[in-house]
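> Handing you a structure now.
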Amino acid sequence: MKTITKVTLLSSLALFFLTPLFLTAQTDTMGDGIMVVRKIAGNPMEAYSSTLDLNDNRKQLIMAGQNYQTNYGIYASIEIGDSSLGENYKTFKSVEFEIVNYKPTYFIGIDSIVVAPNNMKDGLTFLIYTKAMSDNVSYSLNNEQLKNLHFENGGYIHSKRILNPMFPRFDAAGKPILMNDGRLDALPDNGKAFDFEFFYKDGRHVVRKEDYDKEVISDQKYKGEQVFNMPGKRCWASFNKIIF
């Protein structure tokens, strides 16, 4: 099975703004600048979040998701080290990710994971690229990929799941083909399985679906909830508070 790979060499700031959604491999570092994940007082993301206890390296749930009628959880085992910024900070030496499928139709795997700062540059985002019928159930980030990252006790890690199509199309050079809107071009099936997350099918009629992860949410509220401030209520994103 062919896995989409594209290696980038970007600074930490450019990585966040320029990393396209079709990027599915990252082996370079985040650049020479120091990235510090700090506590944010009164951040609304605290209302819907979990906690990562870094006092041991057991596998801890960082996010859950549902695609292809498959419920799954993504876990991370994190090894930390001392930070040059003081006792209230730590660094990541390695992170081991694993996806666990529960009652699957298609098994979901991890294509790759990209490390990026968030919009305000006060938090870290793991961009987790997933794909159905993938052979990869685990993914590792090493010290070289995580260098220059420092975490304040009580800071937040943001994780975002980006689903890749099951049957992406490639050009003669082996590079993924993009549609006009920047999404990966893909086939609806391989003759044995149909990609119903990305396509509709009724007899011979096959239509590409819209990307609902990019759907603009209205400002309609329910019981006072601020929908734009609650990213953890969608299954493609999560926030985890760091404690050690």
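> For a quick check: with amide H placed at 1.01 Å from N, whose amide H comes under 5 Å from LEU163's, ignoring anything fewer than 5 positions away on the same chain?
Placed amide hydrogens put THR130 under 5 Å from LEU163.
> Please say if the range 140-203 is rounded, prolate or oblate, where rounded means a/c under 1.5 for a ≥ b ≥ c the square roots of the C-alpha gyration tensor eigenvalues, and otherwise the choice is prolate for a/b larger than b/c and oblate otherwise?
Taking the square roots of the gyration eigenvalues as a ≥ b ≥ c, the range 140-203 is prolate.
> If you average the C-alpha positions of the range 168-211 and of the range 138-165 separately, how far apart do those two centres end up, in angstrom?
A separation of 29 Å, based on Cα centres.
> Roughly what would the spin-label model give for TYR75 and GLU98, points 7 Å off Cα along C-beta, in nm?
0.5
> Amide H of PHE92 versus every other amide H placed in the peptide plane: which residues, excluding those fewer than 5 positions away on the same chain, fall under 5 Å?
Correct list: GLY81, LEU149.
> Given H placed 1.01 Å from N in the peptide plane, which residues other than close sequence neighbours of ALA186 have an amide H under 5 Å from its amide H?
For ALA186, whose amide H was placed from the backbone, the distant partners under 5 Å are ARG169.
> Run the quick spin-label model on LYS147 and ASP53: label points 7 Å from Cα toward the beta carbon, then report their separation in nm to one decimal.
For LYS147 paired with ASP53, the spin-label model returns 3.3 nm.
> For a quick protection proxy, order the peptides 143-150, 157-164, 200-207 by their average other-Cβ count within 10 Å, most packed first.
157-164, 143-150, 200-207
> Could you grab the relative contact order for the range 145-215? Cα pairs under 8 Å, six or more apart, rounded to a whole percent.
19
> Suppose we keep just the DSSP beta bridges with both residues in the range 100-163; what percent of those would be antiparallel, to 5?
Counting only bridges with both partners in the range 100-163, antiparallel ones make up about 55 percent.
> Can you tell me how the range 52-179 classifies by the Cα gyration tensor, rounded, prolate or oblate, using a/c under 1.5 as the rounded cut?
Prolate is the answer for the range 52-179, as a/c is 1.5 or above and a/b outweighs b/c.
Every number here is computed from the coordinates shown, using simple stated rules; none is lab data. What you see is a predicted model, and the numbers here were worked out from it, not measured in a lab. So basically every Cβ, Gly included, is an ideal-geometry build from the backbone, and we count neighbours across all protein chains shown.
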